[in-house]
Amino acid sequence: MRGVRTTPLKPLARIRRVVLRLFFGALVIGMLVGGGTAFRVWQVARVDDWTKADMAIVLGAAQYNGVPSDVLAARLEHALGLYEEGVVGYIATTGGRQPGDNFTEGQVGKLWLVKRGVPEDRVLQVGEGADTLGSLRAVASVARERDLKTAVIVSDPWHSLRARTMAEDSGLQAWTSPTRSGPNVQTRETQWFYIKRETGALLYYRLMKAHAGVFDELMLPKIG
């Protein structure tokens, strides 16, 4: 009995098959990496760690002529609670100045905290950095000068993993205690929106070790 003859694939067909395999392989890997990162963003967002640290770092958000936005006020309120409970000895307020502003976000944060009883020498105003990465690098520099090594990151829940990663890369031992109030954590739609944005921004940071400006520009209100 004669065997069935098979027609060898033409070179172009072989190339097409290899390309399709590579494409679908990359697609599967991308879905696994993206899905895993999104899960970690969600997982870390649920962590509220009140382990004692040298300082709390309040990541900047919008301010309006000296008045913190609802997002920034929620973060400051949470950091104040950490200080009053003795979890941290210092609070670092971060964030620079937008064009036309009279105050930096760091200034507004310090004024808000001092007005509520935190001694001035316990608030580290770091009004540098136009984004999360720049702010955390500036805080890390100040921390080294004061021999402060550990930090609790105070931001919105979905921002926690990226901020913690950046803080650790800047030389700090960091964990997170996010605020549970404010407009960024109110609805499921808002939560899903920020999880998607943070997943993309974190993947970009891990790849480029740079601030993902394109993602933060899409985040309103500003998360840093």
* Pop out the ³J(HN,Hα) list for the stretch 98-113 in order, Karplus 6.51 cos²θ - 1.76 cosθ + 1.60 with θ = phi - 60°, rounded to Hz; leave Gly and Pro as x. => 7, x, x, 6, 8, 10, 8, 4, x, 4, 4, x, 5, 4, 5, 5
* Asked: On the accessible surface of the stretch 53-199, probed at 1.4 Å, how many percent belong to carbon and sulfur atoms?
  -> 45 percent
* To do: Report, for the stretch 53-199, the % of DSSP beta bridges that are antiparallel, rounded to 5.
  => 10 percent
* Near K196, which aspartates and glutamates are there with a Cα under 18 Å away, not counting those fewer than 8 places off in the same chain? -> D156, D216, E217
* Among M166, M208, M55, whose mean-square fluctuation peaks in a Gaussian network model of the chain (Cα, cutoff 10 Å)? -> M208
* On the full set of protein chains, 1.4 Å probe, figure out the accessible area of F39 and give it in Å² to the nearest 10. => 110 Å²
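Taking a quarter of the surface of the convex hull around the Cα atoms of the stretch 103-143, what do you get in nm²?
It is 2.9 nm².
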* What residues have an amide H closer than 5 Å to that of E128, excluding those fewer than 5 places away on the same chain, when H is modeled at 1.01 Å from N in the peptide plane? -> G95
* For A92, distant residues with modelled amide H under 5 Å away -> A56, I57, V58, L124
* Asked: What list of ³J(HN,Hα) values in whole Hz, one per residue of the stretch 123-137 in order, does the Karplus curve 6.51 cos²θ - 1.76 cosθ + 1.60 (θ = phi - 60°) give from phi, with Gly and Pro shown as x?
  -> 10, 9, 7, 10, x, 10, x, 9, 7, 4, 5, x, 5, 5, 5
* To do: When a/c is below 1.5 the answer is rounded, else prolate if a/b is larger than b/c, else oblate, so apply that to the chain with a ≥ b ≥ c taken from the square roots of the Cα gyration tensor eigenvalues.
  => prolate
* **Cα-projected label distance for R146 with I15, points at 7 Å along beta-carbon direction, nm** => 6.2 nm
* Contact order relative to length of the chain, as percent, for alpha carbon pairs under 8 angstrom and 6 or more apart -> 23 percent
* Structure fact -> So, over other residues within a Cβ distance under 13 Å of L80, counting Lys, Arg +1 and Asp, Glu -1, the net charge is +2
* Looking only at T37, T165, T51, which one moves most when the chain is put into a Gaussian network model with springs between Cα atoms under 10 Å? -> T51
* **Whether the stretch 49-96 is rounded, prolate or oblate, judged on the alpha carbon gyration tensor where a/c under 1.5 counts as rounded** => prolate
* To do: Would you calculate a helix-derived [θ] at 222 nm for the chain, using -39,500 (n - 2.57) for each DSSP H run of n ≥ 4 and dividing by the full residue count, to the nearest 500?
  => -16500 deg cm²/dmol
* Calculated from backbone phi, Karplus (6.51, -1.76, 1.60) coupling profile of the stretch 36-53 in Hz, x at Gly/Pro -> x, 5, 4, 4, 5, 4, 5, 5, 5, 4, 7, 8, 10, 9, 9, 4, 4, 9
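The values are calculated or read from the model by the stated rules, or taken from the named source; none is laboratory data. In this text the structure is predicted, and so the values were computed from the model without any measurement. For neighbour counting, all protein chains shown are included, and Cβ atoms are generated from backbone atoms with ideal geometry for every residue, glycine included. The accessibility values were calculated without ligands, DNA or RNA, using every heavy atom of the protein model including side chains. Shrake-Rupley method; radii C 1.70, N 1.55, O 1.52, S 1.80 Å.
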